[in-house]
Amino acid sequence: MNESVFPKDFLWGGATAANQIEGGYNEDGKGLSVTDITTAGSLKHPRMLTYTLNGKPGKTPALPGAGLPEGAVGAIDPNEYYPNHVAIDFYHHYKEDIKLFAEMGFKTFRLSIAWTRIFPKGDEKEPNQAGLDFYRRVFEELKKYNIEPLVTISHYEDPLYLSEKYHDWQDRKMIDEYVKYATVLFKEYKGLVKYWLTFNEINSAVLMLNMFSQHAGDDSAFQHAYQKLHYQFVASARAVKAAHEIYPNYMVGNMICGIVSYPLTPDPKDILACRHSWEQNIYYCGDVQALGEYPSFAKRLWNEHNVHLDITDQDLADLKAGKVDMYTFSYYMSTVVTTHEVKDTVGGNFSAGAKNSYLKYSEWGWSTDPEGLQYYLELMNDRYHLPLMVVENGLGAVDKMTADHKVHDDYRIDYLRQHISAMKDAIKDGVNLIGYTTWGCIDLVSAGTGQMSKRYGFIYVDRDDQGNGSLKRYKKDSFDWYKKIIASNGEDL
Ligand code: BGP
């Protein structure tokens, strides 16, 4: 075989998040996360947060930045279904699942730690030993197969108690709570984990602002999002510094939702609008975390929405001292930006806007655009000069299981093949790409919809949108295909 384009120690693997796979939402001392009070949604209905206010139950859309109404207390409504409570029960199936990942030849497995297993409410002084023990068992199991864990410290699963108390990161006390939690992890898992990510898709707070009509023209939503981000940037930077003090070889990355924007027309107004969308949605967070300071355009973004932030000199020093070691991102699709009125639009949580007539869209409105991945990789390589990792990529689809328990997911193989090929072209162009973890390598609860039927995995899990099913695992056709990809280091596409 020809020598591979991918580096020889390239980190092939798959990605998940605690709240989307683990279940066991109240086991062994775990506290409630925000996702534990989040109902299932559908294509038409958003997921909802459930709460009580003055003794009465209520619901509000579970959107970043929306939060609970003033005075409301998040609560589980016995008449609602919460898909994350059981998810795919990784909490009790982790050995079986890791064995399957090992069979595919995974070099890495991305998972997140549920903050509420370690600090059930968030503000305890001492961590919950049973929670620490669970992840130690998982990491030891991975080690048995030489699979390197890639650990997200916070993946959309803030402790509910802290989120209520500090109104979704509107108080700088959240920074200390996060750093305390992250430091416990860095000390506890030294020798078992090398790769860490501070916040999943940190930029989703700003991304969402333009995508939901309720935020349009609402400066307070922008104030909320930018303040939350500032505290998260400082928390992330202080965590990076703490990690290096505990173990200098730790590789700590940021994680950006990598949405690619194109101008719809060559009208210079569209070109400029598109550039500004990159600045707000992508570069704003990436620059602070990778370059250690706010970019010059930050002032324009704040002024546009009358945003005034609590930023101290110490914060700015912390940002400088805690630059990330690698830049990681999710990549699913591209969007189109225009200042013109458009007839052909597409709806979807991250994809709302004008339709790109050159691309195909999934039933959730997500486009398939492998060139977009190459474009993104090349841009970020030039801008940051850091090792890059694609830590989420994949196709959400409704899979059909045949009578003999097979899933012929050639559409998924096709999607992944095209994206791996795009990564290959980027590497040939000199991009420093060190890893690739496909999203939802085993079927899991969809974050955006709360459905099980939006599947991404190489492994089918028998569970439906109402929580029925045996939870048995079955290999899809893509399982053997991915195994072959890893064995050939990306050559046998
Ligand atoms: C990303 C999240 C993941 C994940 C993925 C797919 O935004 O980091 O948690 O779920 O998107 O989205 P969905 O589950 O809505 O299909």
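The values are calculated or read from the model by the stated rules, or taken from the named source; none is laboratory data. Computed from a predicted model, the values in this text were never measured in an experiment. Cβ placement follows ideal geometry from the backbone for every residue including glycine, while neighbour counts extend to all protein chains displayed.
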Study note, to complete from the structure: Of the candidates Ala290, Ala273, Ala221, Ala243, the one satisfying the condition of being aliphatic (A, V, I, L, M), surrounded by 23 or more Cβ atoms within 10 Å (Cβ to Cβ) and either within 16 Å of the ligand (Cβ to nearest atom) or touching a residue at least 60 places away in the same chain (Cβ under 8 Å) (or both) is Ala243
Review point. Do you know which of the residues in segment 35-54 that are touching a strand residue (DSSP E or B) at 6+ places or on another chain (Cβ under 7 Å) and outside any loop (DSSP other than H, G, I, E, B) is farthest from Ile88 (Cα to Cα)?
Key: Thr52
Review point. Scanning for something out of contact with any strand residue (DSSP E or B) (no Cβ under 8 Å at 6 or more places or on another chain) and farther than 20 Å from Arg110 by Cα, does segment 139-151 turn up at least one residue?
Key: no
Check your understanding: Within segment 172-192, is even one residue at pLDDT 95 or above, more than 21 Å from Phe329 (Cβ to Cβ), touching a strand residue (DSSP E or B) at 6+ places or on another chain (Cβ under 8 Å) and surrounded by fewer than 17 Cβ atoms within 10 Å (Cβ to Cβ)?
Key -> yes
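Yes/no matrix, rows are residues, columns are (1) among the β-branched types (Val, Ile, Thr); (2) assigned to a loop (DSSP other than H, G, I, E, B); (3) under 14 Å from Ser163 (Cα atoms):
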{"site": "Glu70", "(1), (2), (3)": "no, yes, yes"}
{"site": "Lys95", "(1), (2), (3)": "no, no, no"}
{"site": "Glu103", "(1), (2), (3)": "no, no, no"}
{"site": "Arg117", "(1), (2), (3)": "no, no, no"}
{"site": "Gly122", "(1), (2), (3)": "no, yes, yes"}
{"site": "Val138", "(1), (2), (3)": "yes, no, no"}
Practice item. Could you tell me which numbered condition Val324 fails, if it satisfies all but one of (1) assigned to a loop (DSSP other than H, G, I, E, B); (2) within 16 Å of the ligand (Cβ to nearest atom)? Key: (2)
Review point. Listed residues Asp414, Asp399, Asp409; which is more than 29 Å from Met251 (Cα to Cα), more than 16 Å from the ligand (Cβ to nearest atom) and not basic (Lys, Arg)?
Key: Asp414
**Study point:** Criterion: closer than 30 Å to Glu80 by Cβ and surrounded by fewer than 19 Cβ atoms within 10 Å (Cβ to Cβ) - qualifying residue of Lys428, Lys472, Lys454, Lys484
**Key:** Lys472
Check your understanding: What residue, of Ala205, Ala235, is surrounded by 19 or more Cβ atoms within 10 Å (Cβ to Cβ), in contact (Cβ under 8 Å) with a residue 12 or more places away in the chain and away from the ligand (no atom under 16 Å from the Cβ)?
Key -> Ala235
Practice item. Please work out if Ser334 is under 22 Å from the mean Cα position of the chain (by Cα), hydroxyl-bearing (Ser, Thr, Tyr), at pLDDT below 95 and within 16 Å of the ligand (Cβ to nearest atom). Key: no
Check your understanding: What single numbered condition from (1) assigned to a loop (DSSP other than H, G, I, E, B); (2) within 16 Å of the ligand (Cβ to nearest atom); (3) over 18 Å from Tyr456 (Cα atoms) fails to hold for Ile88?
Key -> (3)
Review point. Assuming Ala66 fulfils every condition listed in (1) on the phi > 0 side of the Ramachandran plot; (2) modelled with pLDDT under 95 apart from one, which condition is it?
Key: (1)
Review point. Would segment 384-392 turn up any residue that is in contact with a Gly (Cβ under 8 Å, 6 or more places away or on another chain), in a loop (DSSP other than H, G, I, E, B) and surrounded by fewer than 21 Cβ atoms within 10 Å (Cβ to Cβ)?
Key: no
Check your understanding: For Thr183, which of the numbered conditions (1) within 16 Å of the ligand (Cβ to nearest atom); (2) among the polar types (S, T, N, Q); (3) in a helix (DSSP H, G or I) fails to hold?
Key -> (1)
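Yes/no matrix, rows are residues, columns are (1) out of contact with any Ser or Thr (no Cβ under 6 Å at 6 or more places or on another chain); (2) modelled with pLDDT of 95 or more; (3) among the hydroxyl-bearing types (Ser, Thr, Tyr); (4) more than 16 Å from the ligand (Cβ to nearest atom):
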position: Phe139; (1), (2), (3), (4): yes, yes, no, yes
position: Asn146; (1), (2), (3), (4): yes, yes, no, yes
position: Ser154; (1), (2), (3), (4): yes, yes, yes, no
position: Glu164; (1), (2), (3), (4): yes, no, no, yes
Check your understanding: Applying the selection to segment 285-317, what residues are part of a helix (DSSP H, G or I) and closer than 19 Å to Asn381 by Cβ?
Key -> Cys285, Gly286, Asp287, Val288, Gln289, Ala290, Leu291
Practice item. Those residues that are within 14 Å of Pro83 (Cβ to Cβ), hydroxyl-bearing (Ser, Thr, Tyr) and within 15 Å of the ligand (Cβ to nearest atom), I need them from segment 16-61; list them, please. Key: Ser33, Thr35, Thr38, Thr39, Ser42
Practice item. Of the conditions (1) over 29 Å from Asp267 (Cβ atoms); (2) hydroxyl-bearing (Ser, Thr, Tyr); (3) surrounded by 18 or more Cβ atoms within 10 Å (Cβ to Cβ), Ser367 clears all except one; give me its number. Key: (1)
Study note, to complete from the structure: Note on segment 390-437: residues touching a residue at least 12 places away in the same chain (Cβ under 8 Å) and β-branched (Val, Ile, Thr) are Val390, Val391, Val398, Val407, Ile413, Ile420, Ile427, Val431, Ile434, Thr437
Review point. Can you tell me which of Ser367, Ser296, Ser357 is of a type in the set (S, T, N, Q) and within 16 Å of the ligand (Cβ to nearest atom)?
Key: Ser367
